[in-house]
Amino acid sequence: MSRLTFTLLSEPPERLDLSPLVPARLASMAMHEVEKIRLGVSKHSLAVGDVFRLSGADVSAIVFEGGSRRFDCAGALLDSGTIRIAGDVGAQTGRRMSGGSILVEGSAGPHAGSGMSGGRLEILGDAGDFTGGPLAGELAGMSGGTLIVRGRAGDRAGDRMRRGLLAVLGGCGDYAASRMIAGTLAIVGGSGRMPGYLMRRGSILVDRMPQMLSPSFVESGAWDSVFASLADRHLIAEGIAQEPLLGRTVRRYCGDNAVLGKGEILVAAQGS
Amino acid sequence: MAVAWIGNRDAPVQHAVEQAAELLAASRCPVISIDTDIHGTRAAIALAERIGAAYDHPFEGVARETATFTDRGGIFVSPGEVRRRADVVVVVGDLPAYSREFVSELAETVPDLAGDNSRSFFSVTGTPIGPFPADNQGPVTHLSCKGTDLTGTVAALRAHLAGRRISSPVENADRLSKALGHARFTAFLCSGAGLDDLALEMVQGLAADLNKKARASILLIPTSEAGWGSVLVSTWTTGLPLRTSFSRGAPEFDPWRWNVGRMIEEGEVDLHLWIGAGSPPAKNGDSKLIALTKTGQPVADAAITIPIGEPGADHDAVLLSARTGTLAARPASEPSRMPAAATVINSILEHLDPTC
Amino acid sequence: MLTKIAGGEIIDPVGGRHGVGDLWIEDGVIVDPPAGRNAETTVDASGCIVMAGAIDIHSHIGGGNVNTARLLLPEHHSAHLPRPSETPLSNLGWTAFQTGRLYAQMGFTTVVEPAMAPGNALHTHLELADIPIIDKATLAVLGNDDFLLSLIRDNASSSMIEDYVAWTVASSRALGAKVINAGGSAAFKENVRRFSLDDIVPSYGVSSRKIVKTLQMAVQNLGIPHPLHVHCNNLGMPGSVDTAAATIAAAEGVPLHLAHLQFYGYGTEGKRRFSSAASQLAEQVNATPEITIDVGQVMFGQTVTISSDVLRQFSARGNAHPKKSVIFDGDGNGGGIVPYRYRKDFYGSLQWAIGLELFLLITDPWRVFFTTDHPNGAPFTAYPALFELLMSKEARREMAEGLSASALALTTLLAIDREYTLEEIAVMTRAAPARLLGLKDRGNLAAGAIADVAVYRKGKDIAKMFGSAAFVFKDGELVVKDGEVVAHRWGRALRLAPQPDKTMVRRLEAYHQERYGLSLDWFDFPDWAIAREQPFSEVACAA
């Protein structure tokens, strides 16, 4: 059975909510029903058939041929199966996903992987602000799974992260891992100002000195070389990084001392 | 004031209202910017519901103040209690210009409910506060931390006061420490106009730390009184603050998606209704503009311009008063024939196609 | 228009009617059967019971703290998540508009917001004005405000205190006065963390008891129909029964209303030092005729606690679920918002049982009032389920099966056989609240009463019967049919209008100028500010 493919007809004139187009929700639907699903968020909104040409039938492997910055909530609540988007996406891609995998071949908007608890979300291009983070009013950020941004992530990647692995390979904006509760954020390409602001626990691994550290982080000589090399090996084994991020010499900063202070920023010394 | 404008042509207000109703009913993605009084906001939200519009205020600072409540909560104090009780006042970040008067008032008075009838001032900001100079010459002690910005300084200050290590000292932090040791009631003054989300959260955390042993609270001074008033109205009418949309029927709150400025910039909007005595921002993109504003001439590039008065000046109004921290009835100070926003919007509502 | 509600079982304890018959309505009021005239509209109420519209005396439906709770919890708004009907609080009536609709659908036609900060009166009344269908009223909160505490400290005359209470009630358009943890908020601002009836407010040298007694007498002497509404100290603490008992004893023959007594039914027995003291408390209420109480029943699930007891809310922050809260050091009381989930664990089970014990062990339905302290014990949408628990011991036993047995073992609940009759329900939710609040025009079905009428289709499913009224009339207009709202109208806020004493107004003007740097105008408002026709309706004080 060939993959269920949504081929984009033209750039949509409004933002779309793609959350209905996941395997669990399409499994029992006939094609003509799928075409009627409402996607638009304006008052005269579009349905699937207005935006996409459908082909294929295997709902466990969904493909979007063509993307748009107006594709919101792609792969939301995904629990199994795969989704590949050959293009860009908008906000909240993989929102609260718990399993399966999503590949975005272009760039993503804000809140990619928001509140995800499992599965794998990989973005080949850039990601917007609040990657993995909670929406307004929520307290829980990413709580599991693997989130990879091959390009650059905006501000506050990993906001309120609790568990899981977030890897950003094209550098992060400001306040990476803000309010982190636990978990690991690995950054290649450096970070902007004050990573780890308000972090309680958890680890930020970064290949060079961030633009600015908060004064509430303090350098600490003792660092766990076993953890660093394990982390490096894991990133390579997962196909996330080609070479060790930290290497042998690491500087370690503990914080955020404004709060609990049990988090750490590990910086590869050769890049500093 | 029987005059309005359709494009640059004079038109009777009645005619302009009818035209506006037609445009709003036909719009695929209408948005409304609200910068007006309580009853104007009530009417604007009723219109948004009717036509399936997103609505917003034009103040980023108000969005940050909203997030303080929606995302975290915290401990807050009324301005009256600050005046009567606060013996230590810490200003963190810039405050909105209009609050200068209140800060001066605090400088000229002493607490009468607690403390020893004196008030000391600290400031975590580089710019002057109220009547005070920016250096340490006046009665204000300035707190600063080398090599970082305001957000970093607040973090360093909180860590220092909690007895944890910091990498760069906060100048005068010990003076604050000492003052806090004797304080009966500490008030932090801050605003979304002067602090980012994380710094606002850090100040809340700092106050929470202090409350373990003593009393401290935060006076959050809204970036815009009208903006915060609209937040209150929106919250009781829809259950949600601004940056909410009715486009799918029920109200949905999403401070990113329904940010009207962003929506216009990214070409998602076909019609923008501006409601505010102040001028609308310069037209941006392809969307049409309907301007309800205090003007004697058509707004550049607006499809329709309808004049409205300034609440509390041209007409009686209910407004949020940051000075009292609640809503207040303000009779017109210079009554004119300029109508209230609510009057014009209700008139548009009456002219909407009932099937809309 | 002459309307006949035909063939229903009319239950009107005030008029002494209980039996099948017709009820006639004309021009918004109930009329005697008109001789020789035919009804223009006839509503078939056969198989139904017909009661006056219900009155809720204590439900937090609007005002600053309620709105802050909405702001704190946008993620609990029904529309925020993809499946609204299954989300927590989706049934809460979270907007002003929904509040009126949901109350009307249950046959409620008058609701009292019991905690209006006088300084926030305009905001409160603007919110209430946006609640459709039902009439509303407010209680003005006093007893932590500097002006009153200073008067008491300075041994001001009782007439001066009465003038101040009268001005506050009149300017804030309230129907009565309430005291919430008397002196506790003022003490908290001075860093006091525990505060009981005989503790002294720092800087004033005044005890909590003295504040309660002073306000109780002022309310009595002003002829305010509703007795002082008291939220005692130590709410929710193990052992709070002692505080409630001492407060009841302090009534000393003068009427006093104790709010949400369930939260004070807590003893300190058992290995968790948390037990039911409900039977002791009920006995004391039964023996003290000047006392009325409402229950504040706990029902299970997610809710949010909203209280002007800032001291209590500050100490409850640690139990917030989800983990966020707002504490407000306001003028006077301030308040706190702490979201909370009542679980079917030991504590939740005990709280649930204590509320029901109070309902069932207090014998006089004229003195015990039906509340969940919305939304503190549960949202008001839990009322239908609560009616069922009161009217069916079987329903209680079924519910108890899923609860903590060790908690229930500390209560008498399962040994109580009492089941409320429809007549008792009509007293508790109609007749008694009208009498308690001084609303002579409602709560009964006698000729001349306003035509607020609720018609319920009788059935075995009590919750369904009370959750979805067959017909509801408000001021004679049909507003609900088969559980659906069929007409919207704007109700009014019921208020007292005692004449403020001119000397007191001058004194208050001077006080506000000197202490706040503001004219008294800022603390009052004209009726035009509400922007509705006839937003208020005046209720008389006793002569």
(request) Could you tell me whether residue B:328 is crowded, with 17+ Cβ neighbours inside 10 Å and facing chain C (nearest Cβ under 10 Å)? (result) yes
(message) Just to be sure I understand the filter: pairs with C-beta atoms under 6 Å, separated by 6 or more residues or on different chains, first member in segment A:119-135 and within 15 Å of residue A:154 (Cβ to Cβ), second member at pLDDT 95 or above and among the acidic types (Asp, Glu). Which pairs pass?
(response) A:129/A:155; A:130/A:159; A:133/A:159
(message) Which residue is surrounded by the most Cβ atoms within 10 Å (Cβ to Cβ), if the candidates are limited to segment B:162-206 and must be at the interface with chain A (Cβ under 9 Å from one of its Cβ atoms) and touching a His at 6+ places or on another chain (Cβ under 7 Å)?
(response) B:170
(request) Return yes when residue B:66 is away from chain A (no Cβ under 14 Å), part of a helix (DSSP H, G or I), buried (at least 24 other Cβ atoms within 10 Å of the Cβ) and hydroxyl-bearing (Ser, Thr, Tyr) and no when it is not. (result) no
(request) Tell me the strands (runs of 3 or more DSSP E) entirely within segment A:11-89 that contain at least 2 residues that are more than 26 Å from the chain's Cα centre (by Cα) and over 26 Å from residue B:251 (Cα atoms). (result) A:52-55
(request) For segment B:3-17, state whether one or more residues are in contact (Cβ under 8 Å) with a residue 60 or more places away in the chain, within 14 Å of chain A (Cβ to nearest Cβ) and either in contact with a Leu (Cβ under 7 Å, 6 or more places away or on another chain) or not aromatic (Phe, Trp, Tyr) (or both). (result) no
(request) Being surrounded by 23 or more Cβ atoms within 10 Å (Cβ to Cβ) and in a strand (DSSP E or B) is the filter here, so list the residues in segment A:134-158 that pass it. (result) A:145, A:147, A:148, A:149, A:153
(request) Quick one: in segment B:168-202, of everything that is among the aliphatic types (A, V, I, L, M) and outside any helix (DSSP H, G or I), which residue is farthest from residue B:146 (Cα to Cα)? (result) B:183
(message) Out of the residues in segment C:472-505 meeting the condition of being touching a helix residue (DSSP H, G or I) at 6+ places or on another chain (Cβ under 8 Å) and in a helix (DSSP H, G or I), tell me which one is surrounded by the fewest Cβ atoms within 10 Å (Cβ to Cβ).
(response) C:503
(request) Could you tell me whether segment C:506-526 includes any residue that is aromatic (Phe, Trp, Tyr), within 14 Å of chain B (Cβ to nearest Cβ), assigned to a loop (DSSP other than H, G, I, E, B) and within 32 Å of the chain's Cα centre (by Cα)? (result) yes
(request) Please indicate, with yes or no, whether at least one residue in segment C:506-519 is closer than 23 Å to residue C:3 by Cα, surrounded by fewer than 23 Cβ atoms within 10 Å (Cβ to Cβ) and among the small types (Gly, Ala, Ser). (result) no
(message) What's the number of the only condition in (1) at pLDDT below 95; (2) assigned to a strand (DSSP E or B) that residue A:242 fails to meet?
(response) (2)
(message) Just the residues that are exposed (fewer than 14 other Cβ atoms within 10 Å of the Cβ) and in a strand (DSSP E or B), please, taken from segment C:21-60.
(response) C:41
(message) Cβ-Cβ distance below 7 Å, separation of 6 or more or different chains: which pairs start in segment B:243-256 with a residue that is more than 8 Å from chain C (Cβ to nearest Cβ) and end on one that is among the hydroxyl-bearing types (Ser, Thr, Tyr)?
(response) B:244/B:55; B:244/B:234; B:244/B:238; B:247/A:42
(message) For residue C:104, only one of the following conditions fails: (1) buried (at least 24 other Cβ atoms within 10 Å of the Cβ); (2) part of a helix (DSSP H, G or I); (3) within 14 Å of chain B (Cβ to nearest Cβ). What is its number?
(response) (3)
(request) With respect to residue A:226, determine if the residue is of a type in the set (Val, Ile, Thr), more than 16 Å from the chain's Cα centre (by Cα) and at pLDDT 95 or above. (result) no
(request) Check whether at least one residue in segment C:42-60 is touching a residue at least 12 places away in the same chain (Cβ under 8 Å) and within 14 Å of another protein chain (Cβ to nearest Cβ), and report yes or no. (result) yes
(request) Looking only at segment B:107-161, count how many residues are within 14 Å of chain A (Cβ to nearest Cβ) and either modelled with pLDDT under 90 or closer than 27 Å to residue C:202 by Cβ (or both). (result) 1
(message) Yes or no: segment B:308-317 includes at least one residue that is surrounded by 23 or more Cβ atoms within 10 Å (Cβ to Cβ), farther than 27 Å from residue B:14 by Cα and within 14 Å of chain C (Cβ to nearest Cβ).
(response) no
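The values are calculated or read from the model by the stated rules, or taken from the named source; none is laboratory data. Quick caveat, the model's predicted, so the values are computed rather than measured. No Cβ is skipped: glycine too gets one built from the backbone with ideal geometry, and neighbour counts run over all protein chains shown.
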